[in-house]
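Note sheet for the following structure.
FYI, it's all coordinate maths here, none of it is from the lab. A quick note: this is a predicted structure, and the numbers were derived from the prediction, not measured. Because the Cβ atoms are built from the backbone with ideal geometry, glycine has one as well, and the counts that use them run over all protein chains shown.
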Amino acid sequence: MRRLLAFFAKRYIAGIEIKNAIEAARRLNSLGILATIDNLGENVSDIHKAKLSVREYHRLLEEIDKAKVKSTVSLKLTHLGLDISEDLARANAESILRKAMQYGNSVCLDMEGSGYTKRTIDICLSLRKDYPNVSIAIQSYLKRSAADITLLNKNSISVRLVKGAYKEPPEIAFADKKDVDANYEALMKELLLHGNRPAIATHDERLINEAIRFANDNAIGKESFEFQMLLGIKRGLQKRLADESFKMRVYVPYGAEWLPYTLRRFRERKENIYFVLKNIFD
Ligand SMILES: Cc1cc2nc3c(=O)[nH]c(=O)nc-3n(C[C@H](O)[C@H](O)[C@H](O)COP(=O)(O)OP(=O)(O)OC[C@H]3O[C@@H](n4cnc5c(N)ncnc54)[C@H](O)[C@@H]3O)c2cc1C
């Protein structure tokens, strides 16, 4: 099963090493597409492992600069020690932001399961005071997200809007996909009108077309927002949007800790289950 998932992962992951991510970013750049590189890893419970991820991100920022690829970085606070302490994760994120600032680069805080939402936003707000190069992902499946976006907009923090990839209870999250999509549309419009260079991160063509129509109707220029998608999903659409002069950025994950990310991608599409079952029984 792990071997089958490793095969499946190849579609979504650039490789194991920094150089694989840089190559993927370079390929995307050659198509007019920007990148954001993520070193895979989450929920570290050991202070030294958290330090190793900081070192890896420093190296990644150096390599991005050296290779002159157009790419920001994305990270998860639990990869930097949020399960150990909020202070540790904050200090580690600050160290990466400081390094990114030296290179004129920026850092997006991915959003994890709902147990981390408040702490991730609090850390982001506190870092924003000294680091304008920090941004954050917000999930439209969470009922709290409208209030979070108002607060982040007030603080001029750039938001990457996603639907959300974790299993959440119905008390705090919309259970029905059509409600998640409707909330996405409402939050997307709020961000287009009042956000600071928001990222519309979805592969949902209806929502992408609606973003384009809404931006046109409200005289919101193409430079004021960007689209984002994941490596390996809707490549034709990524290229088409870039060709139409929209800012298009692709999330490029790399690293040895590929399993949790791959399982999240796996669950997003029922065709993926058929793919695995077919390969087991063939
Ligand atoms: C740049 C970026 C960063 C993200 N960061 C986060 C984050 O920090 N936290 C978080 O919780 N989530 C994050 N996500 C994941 C997100 O929450 C969704 O789980 C994921 O994007 C699928 O939702 P969708 O918006 O594409 O809409 P959906 O309605 O799920 O999908 C729309 C269409 O896209 C295609 N598609 C979607 N997923 C797949 C797949 N796995 N394989 C093949 N085709 C697929 C299908 O054609 C589908 O019909 C991120 C997504 C992007 C694009």
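Do any trypsin sites (Lys or Arg not before Pro) in region 29-73 lie in a loop, going by DSSP, with at most 10 other beta-carbon atoms within 10 Å of their beta carbon, and if so which?
Listed in order of number, the matching sites are LYS68.
Give me the extension gain from GLU244 to LYS129: residue separation times 0.36 nm, minus the current Cα-Cα distance, reported in nm with one decimal.
Result for the pair: 37.9 nm of gain on full extension.
Near the amide H of ILE37, under 5 Å away, which other amide H atoms are found, from residues 5 or more places off or on another chain, if H is placed in the peptide plane?
Counting only residues 5 or more places away or on other chains, the set is THR72, VAL73, SER74, VAL252.
In whole Hz and in residue order, list the ³J(HN,Hα) couplings for region 105-116 that follow from phi through the Karplus curve 6.51 cos²θ - 1.76 cosθ + 1.60, θ = phi - 60°; x for Gly and Pro.
Listing the rounded values in order: 10, 9, 10, 9, 8, 5, 9, 9, x, 4, x, 10 Hz.
From the phi of every residue in region 217-227, what ³J(HN,Hα) in whole Hz does the Karplus formula 6.51 cos²θ - 1.76 cosθ + 1.60 yield, where θ is phi - 60° and glycine or proline is x?
Taking θ as phi minus 60°, the curve returns 5, 10, 6, 9, x, 4, 7, 8, 8, 9, 9 Hz for region 217-227.
I need the calculated FRET efficiency for the pair LEU4 and ILE233, taking r as the beta carbon distance and R₀ as 22 Å, to the nearest 0.05.
The pair LEU4/ILE233 has a calculated efficiency of 0.70.
Along the charge dipole of region 45-142, Cβ charges K/R +1 and D/E -1, which of SER114, ALA93, HIS58 sits furthest on the positive end?
Result: HIS58.
Quick one: grab the alpha carbon gyration tensor of region 2-281, order the square roots of its eigenvalues as a ≥ b ≥ c, and give me rounded if a/c is under 1.5, else prolate or oblate depending on whether a/b is larger than b/c.
rounded
When the chain is fully extended, how far beyond the present Cα-Cα distance does ARG59 get from LYS154, taking 0.36 nm per residue of separation?
30.9 nm
Checking the a/c ratio against 1.5 first, then a/b against b/c, what shape does the Cα gyration tensor give for region 146-252?
Oblate.
By the gyration tensor of its Cα atoms, with a ≥ b ≥ c the square roots of the eigenvalues, what is the shape of region 1-140: rounded for a/c under 1.5, prolate for a/b over b/c, or oblate?
Oblate.
Let me know the charge dipole size of the chain about its Cα centre in debye, to the nearest 20, where only the beta-carbon of Lys, Arg (+1) and Asp, Glu (-1) is charged.
The dipole of the chain has a size of about 660 debye.
Whole-Hz ³J(HN,Hα) for each residue in region 159-170, computed from phi via Karplus 6.51 cos²θ - 1.76 cosθ + 1.60 with θ = phi - 60°, x for glycine and proline: what do you get?
Karplus-based 3J(HN,Hα) across region 159-170 equals 10, 9, 8, 10, 7, x, 10, 10, 7, 10, x, x Hz.
Going toward the positive end of the dipole of the chain, with +1 on Lys and Arg Cβ and -1 on Asp and Glu Cβ, which of ILE18, LEU259, VAL134 do you reach last?
ILE18
List the pairs from LYS99/LYS239; LYS99/LYS154; LYS10/LYS118; LYS70/LYS143; LYS51/LYS177 whose alpha-carbon separation is above 29 Å, in the order I gave them.
Among LYS99/LYS239; LYS99/LYS154; LYS10/LYS118; LYS70/LYS143; LYS51/LYS177, the Cα-Cα distance tops 29 Å for LYS99/LYS239; LYS10/LYS118; LYS70/LYS143; LYS51/LYS177.
Would you grab the residues whose amide H sits under 5 Å from the one on GLN228? Only those 5+ places off in sequence or on another chain, please, with H modelled 1.01 Å from N.
HN-HN under 5 Å from GLN228: ILE200, ALA201, THR202, ARG249.
List MET1, MET248 from most exposed to least, where exposure is judged by having the fewest other Cβ atoms within 10 Å.
MET1, MET248
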